[in-house]
Amino acid sequence: MWEKIQSIDQRIVYVLLALSVIIPLFSPIGMPISINPDLTQKFYDFVENLPAGSIVWMGPDYSPGSSAELDPQLAAAFRHCMMKGHKVVIMSMWEQGAMLARNVVDPIAKEMGKKYGEDYVNLGYKPGREAALRAMVADVWAGSAGVDINGTKLGDLPLMAQVKKLDTCIAVCIDYSSGSPGDGDYRQYVTNPQGIPLLTGQVAVQVPTRLPIMRSGEMKGLIPGLRGAAEYEKLINKPGVATQLMDAQSMAHVVIVLFMVLGNIGYVAMRGKQGR
Amino acid sequence: MVRKDLPRIITTISAAVIVFSAFTFLGNQMKLTATMDRWFQVSEATAFLLGAVNLTRIHGQYIQRRRAGYYNSIALLVCLWAFFALGLVVSNKAASYRWIYDATLVHMEATMFSVICFYIASAAYRAFRIRTREATVLLVVATIVMLGNVPIGDVLWSRLPSIKDWILRVPNSAAMRGITIGIYIGGFATALRILLGLERAHMGGAGA
């Protein structure tokens, strides 16, 4: 029996894990979500305390593989910016990031009656990684080749009249990062040299690597994974997809931990039986 | 000469120009880095097209030789060039272009990534065994962090999230700092070897 416990068919593991994710989506439990005071709360407070009309630079530097975690973060922070009357400029160093961001922010802007070109602009994907960022610091218009994601000339977008050089007009940079290029490039080429504050949204696996940077003060706030997105939704009092997914993530973690414990019970029992 | 020495010479000259521009007053005034950044942006954009052409050449050969699974190559090339042509004809603003992207690529990539979750669960179940004291510590810490990271952690024990935060903030940060310093020293040494032309592995040769 103990041997069987150690080697449960992996299909059973898959099915139970799938059920643990699917069932809470249809029957939410509604577990309470506490706010992380050192990470999400600091991010929220920073955006909250910016003067109305501040220009916020957002970098959706991720692909669809990370969109489950980072789309809700982007949605919550973008909504918060719009609620506070801030202006948002979006530019991605990842080929697919800007298109993903468009799908996230356009419906929110429409719902809130915000106008493209006046309240926010999506510059699209700009190739060149750190070179693109450095070019933006010197001249946003030249670094963007003078057009936004739709090919519209920046001169036709009123907001861009205020956005010429990153160091003189941007109140804060927010990078949603799932790898490189990402927040590391912002720290190295934009925020640290130019003295612009940096906030980031991170996929959960990257959070441990960013905590020393957060503690050093190079980042003013951090949204950690899907949990962080749910916390942000709670802070802005607008529960969304991240809040819905929290129960599913909780149950999936419990199932994985239970399997780990079960495997070890079998292992210890077998070891005792073999007299080792 | 053209394949080996020319890229090395270009690398060394480019590095010298960037170092001169970034670290000297005269270089800063001449704004050489800004010019090279623009070149780099154009080069990277051009590399995409070059990549597509190379992909077509390689998979074209697979199809021509009827290599095993050549039909996958046909699918790849049809998708690649049809999407490219559609973008040229209707532009990326068009609903049809956006629909194809949103309805296929986004979901396929998200699915590929999501599948990892099942492998992680299976691997954690099979591999996490308390064979040694170190493995036991790893298991206990992993359990605390996994449960503390989700709302059920608060429900099970209200102190779990704060213990998880301490683990991430103190031991994890200490280890990460050490690892990061090591990575950057290694990266600096490797970059220096490339800039001086001592490291040639990235050009298909062996390091000196």
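The values are calculated or read from the model by the stated rules, or taken from the named source; none is laboratory data. If you're wondering where the values come from, they're calculated on a predicted model, not measured in any experiment. Ideal geometry is used to build each Cβ from the backbone, glycine not excepted, and the neighbour counts take in all protein chains shown.
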### Residues of the stretch B:32-56 satisfying the condition of being out of contact with any helix residue (DSSP H, G or I) (no Cβ under 7 Å at 6 or more places or on another chain) and either outside any helix (DSSP H, G or I) or closer than 17 Å to A:V140 by Cα (or both)
B:T35, B:W39, B:V42
### Query
Which of the following residues is closer than 18 Å to A:A242 by Cα, in a loop (DSSP other than H, G, I, E, B) and among the hydrophobic types (A, V, I, L, M, F, W, C): A:I149, A:I35?
A:I35
### Task
Being within 14 Å of chain B (Cβ to nearest Cβ) and among the aliphatic types (A, V, I, L, M) is the filter here, so list the residues in the stretch A:34-59 that pass it.
A:I35, A:L39
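Got a sec? Which helices (runs of 4 or more DSSP H) wholly within the stretch B:119-177 have at least 2 residues that are surrounded by 17 or more Cβ atoms within 10 Å (Cβ to Cβ) and under 29 Å from the mean Cα position of the chain (by Cα)? Let's see the steps before the verdict.
Details: elements: B:133-148, B:151-156, B:160-167.
Because the criterion is at least 2 residues that are surrounded by 17 or more Cβ atoms within 10 Å (Cβ to Cβ) and under 29 Å from the mean Cα position of the chain (by Cα), the helices (runs of 4 or more DSSP H) in the stretch B:119-177 that meet it are B:133-148, B:160-167.
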### Residue that is nearest to A:S20 (Cα to Cα), among those in the stretch B:120-170 that are within 9 Å of another protein chain (Cβ to nearest Cβ) and of a type in the set (F, W, Y)
B:Y125
#### Entry: Residues located in the stretch A:126-162, provided they are among the basic types (K, R) and more than 8 Å from chain B (Cβ to nearest Cβ)
A:K153
### Task
Quick one: A:D71 ticks every box in (1) within 20 Å of A:V203 (Cβ to Cβ); (2) charged (D, E, K, R); (3) facing chain B (nearest Cβ under 9 Å) except a single one, so which number is it?
(3)
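Just wondering, is there one or more residues in the stretch B:16-26 that are of a type outside the set (K, R), surrounded by 14 or more Cβ atoms within 10 Å (Cβ to Cβ) and away from chain A (no Cβ under 14 Å)? If you could, list the steps in order and put the result at the bottom.
Residues of the stretch B:16-26 of a type outside the set (K, R): B:16-26.
When the remaining residues are screened for being surrounded by 14 or more Cβ atoms within 10 Å (Cβ to Cβ), the result is B:17-18, B:20-21.
Checking which are away from chain A (no Cβ under 14 Å) leaves us with B:20.
For the stretch B:16-26, residues of a type outside the set (K, R), surrounded by 14 or more Cβ atoms within 10 Å (Cβ to Cβ) and away from chain A (no Cβ under 14 Å): present.
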### Task
Answer yes if at least one residue in the stretch A:221-240 is β-branched (V, I, T), away from every other protein chain (no Cβ under 12 Å), under 19 Å from the mean Cα position of the chain (by Cα) and over 20 Å from A:V89 (Cβ atoms), and no otherwise.
yes
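Are any residues in the stretch B:39-86 of a type in the set (F, W, Y) and within 26 Å of the chain's Cα centre (by Cα), and if so, which ones?
Pass one, the stretch B:39-86, residues of a type in the set (F, W, Y): B:39-40, B:48, B:62, B:70-71, B:81, B:83-84.
Across the stretch B:39-86, the qualifying residues are B:W39, B:F40, B:F48, B:W81, B:F83, B:F84.
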### Message
For the stretch B:88-98, give me each residue that is in a helix (DSSP H, G or I) and within 11 Å of another protein chain (Cβ to nearest Cβ).
### Response
B:Y97, B:R98
### Matching entry among B:R66, B:R57 (being more than 9 Å from chain A (Cβ to nearest Cβ) and at positive phi)
B:R66
### Query
Which of the residues that make up the stretch A:189-214 are over 22 Å from A:F78 (Cα atoms), assigned to a helix (DSSP H, G or I) and away from every other protein chain (no Cβ under 11 Å)?
A:N192, A:Q194
### Message
Checking B:M146 against (1) within 30 Å of B:T12 (Cα to Cα); (2) at pLDDT 90 or above: exactly one of these is not met. Which one?
### Response
(1)
### Message
Being without any contact (Cβ under 8 Å) to a residue 60 or more places away in the chain, hydrophobic (A, V, I, L, M, F, W, C), farther than 27 Å from A:A18 by Cβ and at the interface with another protein chain (Cβ under 10 Å from one of its Cβ atoms) is the requirement here; does B:A174 meet it?
### Response
yes
### Task
Filter the stretch A:10-32 down to residues that are more than 10 Å from chain B (Cβ to nearest Cβ) and assigned to a loop (DSSP other than H, G, I, E, B) and give me whichever is nearest to the chain's Cα centre (by Cα).
A:P28
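Given the criterion over 24 Å from the mean Cα position of the chain (by Cα), within 14 Å of chain A (Cβ to nearest Cβ) and of a type outside the set (V, I, T), identify the matching residue among B:M30, B:M36, B:M112. Working first, answer last.
On the way: B:M36 fails: over 24 Å from the mean Cα position of the chain (by Cα); B:M112 fails: over 24 Å from the mean Cα position of the chain (by Cα).
Only one candidate passes the filter, namely B:M30.
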#### Entry: Positions within the stretch B:181-208 being surrounded by 14 or more Cβ atoms within 10 Å (Cβ to Cβ) and within 11 Å of another protein chain (Cβ to nearest Cβ), in sequence order
none
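Determine whether the stretch A:87-101 contains at least one residue that is touching a Cys at 6+ places or on another chain (Cβ under 6 Å) and either at pLDDT below 95 or in the same structural domain as A:G59 (by TED's automatic domain parsing) (or both). Please lay out each step first, then the result.
Restricting attention to the stretch A:87-101, the residues satisfying the condition of being touching a Cys at 6+ places or on another chain (Cβ under 6 Å) are A:88.
Adding the requirement that they be either at pLDDT below 95 or in the same structural domain as A:G59 (by TED's automatic domain parsing) (or both) leaves A:88.
For the stretch A:87-101, residues touching a Cys at 6+ places or on another chain (Cβ under 6 Å) and either at pLDDT below 95 or in the same structural domain as A:G59 (by TED's automatic domain parsing) (or both): present.
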### Query
Does B:R8 meet the test of being in contact with a helix residue (DSSP H, G or I) (Cβ under 9 Å, 6 or more places away or on another chain), surrounded by 11 or more Cβ atoms within 10 Å (Cβ to Cβ), part of a helix (DSSP H, G or I) and within 13 Å of chain A (Cβ to nearest Cβ)?
no
